[in-house]
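What follows is a short report on a single structure.
The values are calculated or read from the model by the stated rules, or taken from the named source; none is laboratory data. Please read these numbers as outputs of a predicted model, since none were measured by experiment. All Cβ positions, glycine included, derive from the backbone under ideal geometry; neighbour counts span all protein chains shown.
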Amino acid sequence: MSSPTSSPTPSPASTSPTAEHTRAHSFSVKPIAWSGVLVSLVVLVISGYILAQRIGEYNKANARPIYSFIQGDKTDFTFRDRPVTIRADLNDAGEGEVLVTYADATLHLPVQIPQAYAFPGLERYADWFRVQMFAESSGMSFAEFEARINSGEIEPRLVIVTRNPHSKTTREGRFELEPAKNWGWGEVRRDKWTFGFYEFLPEGGFSTETLRFPESGASFYRRQVKADLAGDPPPERADDELREGSWQFQAALPLMNRRPGITTEQQGLRNAGWTLPAASASMIALMVFLAFALAPSREQVERRAINQS
């Protein structure tokens with residue numbers, strides 16, 4: 001009687017005919033991934049360098065002056081050797097007007113946001129009224145700016161800035177509905193805000209200017225797209241709105257609960273050209289290739305699973 005013969009144990013290679021193919025495939029991915037990392041990195045460095053150069057050239061050609069401001073908190077002082085007094089004629093609810101006298105000229109400013117509590121100095125009117133001394137300070141620190149002001153090297157300007165939260169809006173209300181003129185709606189409907197600028201003139205008196213809150217970049221872009229689709233001329237921003245980079249824009253910021261969004265038509269990125277999409281795409285490609293290059297191979301995963309078992 002013959003003894004049964006045991007069949008030979010198949011080798012791992014014979015049980016997995018695709019092992020060699022898988023191993024070859026796992027080894028071939030790494031060089032491709034690292035090549036992609038290298039190419040993406042080179043493109044990113046070159047496009048990023050050119051992008052920075054273009055933005056720098058744009059900012060240099062379109063340099064904006066920088067202004068520094070010093071907030072005033074006194075009701076009696078002198079400016080250009082002329083007396084200035086700030087008084088108020090208010091009722092118990094804080095309604096009325098603020099009177100500003102400069103030499104022989106007097107401003108009568110209606111209270112825009114009444115405050116019932118009689119805070120000292122100008123704090124009672126801080127929500128809508130500011131006195132600011134300012135001058136251009138491009139290329140200098142604030143400490144240097146103050147030192148030059150005190151030494152008389154810089155002749156400062158003085159302005160009163162007011163915020164009216166209930167002005168007439170440029171937009172028409174829908175369904176003939178308009179919000180009430182109360183504090184809440186006044187803070188929300190920023191498109192209705194206007195700012196009054198009353199600058200003290202060296203010879204006495206005031207120069208006055210009224211500017212409205214700027215239209216957002218998104219709203220202006222929608223108007224541009226609408227005009228383009230209709231075949232109309234491209235729209236322009238209103239002449240009576242605050243302009244980015246102007247001293248009026250910077251002087252109005254302390255009276256805002258949130259500053260306006262940055263407009264896109266005056267930014268250095270508009271001079272980027274092909275460098276911005278190239279830098280963005282190469283950054284994404286770099287991350288993808290780097291993920292493939294650093295990922296463990298299938299052999300490493302299988303070996304780790306065997307060791308753990």
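Counting residues in region 213-221 that are in a helix (DSSP H, G or I), free of Cβ contacts under 8 Å to residues at least 60 places away in the same chain and either of a type in the set (A, V, I, L, M) or closer than 26 Å to Glu136 by Cα (or both) gives one or more.
Matching residues to (1) out of contact with any strand residue (DSSP E or B) (no Cβ under 6 Å at 6 or more places or on another chain); (2) on the phi > 0 side of the Ramachandran plot; (3) not assigned by TED's automatic domain parsing to the domain that holds Gln71:
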position: Ser216; (1), (2), (3): yes, no, no
position: Ala238; (1), (2), (3): yes, no, no
position: Gln250; (1), (2), (3): no, no, no
position: Arg259; (1), (2), (3): yes, no, no
position: Ala272; (1), (2), (3): yes, no, yes
position: Met283; (1), (2), (3): yes, no, yes
position: Ser309; (1), (2), (3): yes, no, yes
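Screening Glu146, Glu97 for residues that are surrounded by 13 or more Cβ atoms within 10 Å (Cβ to Cβ), touching a Pro at 6+ places or on another chain (Cβ under 8 Å) and outside any loop (DSSP other than H, G, I, E, B) leaves exactly one candidate, Glu97. Being in contact with a helix residue (DSSP H, G or I) (Cβ under 7 Å, 6 or more places away or on another chain), of a type in the set (Ser, Thr, Tyr) and either at positive phi or assigned by TED's automatic domain parsing to the domain that holds Val288 (or both) holds for only one residue in Tyr58, Tyr49, and it is Tyr58. Within region 260-275, is even one residue hydrophobic (A, V, I, L, M, F, W, C) and under 30 Å from Pro31 (Cβ atoms)? Within region 260-275, one or more residues are hydrophobic (A, V, I, L, M, F, W, C) and under 30 Å from Pro31 (Cβ atoms). Within region 109-141, the set of residues being within 20 Å of Lys74 (Cβ to Cβ) and surrounded by fewer than 12 Cβ atoms within 10 Å (Cβ to Cβ) comprises Tyr117, Ala118, Phe119, Pro120. When region 239-287 is limited to residues that are loosely packed, with under 12 Cβ neighbours inside 10 Å, closer than 30 Å to Phe134 by Cβ and over 15 Å from the mean Cα position of the chain (by Cα), the one that is modelled with the lowest pLDDT turns out to be Asp239.
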